[in-house]
Amino acid sequence: MEYSGERRGFSSPINVGETYDAKIEDVGREGDGIARVEGFVCFVPNTKKGDEVKIRVTKVSRRVAFAEVVTE
C-alpha cells in the first residue's frame, strides 16, 4: 500500500454556521463547556456544566468542533 501524503476529506455530522440547542455536559481543561451535538464533541466557551444553550458552530475539525453561544 502506498501513502501519497494527501489528506483525505472527512465528513462531520455538523457544519460551520449551523445552530443547535445543546446541553453542556462537562468542562474541558481550558474551562470551555463541552457539549455533544449529533454525537460530535463541541467546545463552547463561557458556559458551565448543566447550561442549556443555543450554539452556532464556528469551526469543525476531524474530531471536535467549536461553537459560540447565540444570544437572541
Does residue 31 satisfy being surrounded by fewer than 18 Cβ atoms within 10 Å (Cβ to Cβ) and more than 11 Å from the chain's Cα centre (by Cα)?
-> yes
Of the numbered conditions (1) surrounded by 15 or more Cβ atoms within 10 Å (Cβ to Cβ); (2) touching an Asp or Glu at 6+ places or on another chain (Cβ under 7 Å), residue 56 fails exactly one; give the number of that condition.
-> (1)
Quick one: is residue 40 modelled with pLDDT under 95, among the aromatic types (Phe, Trp, Tyr), surrounded by 14 or more Cβ atoms within 10 Å (Cβ to Cβ) and within 11 Å of the chain's Cα centre (by Cα)?
-> yes
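The values are calculated or read from the model by the stated rules, or taken from the named source; none is laboratory data. Source: prediction; values computed, not measured. Using ideal geometry, Cβ is built from the backbone for each residue, glycine included, and neighbour counts are taken over all protein chains shown.
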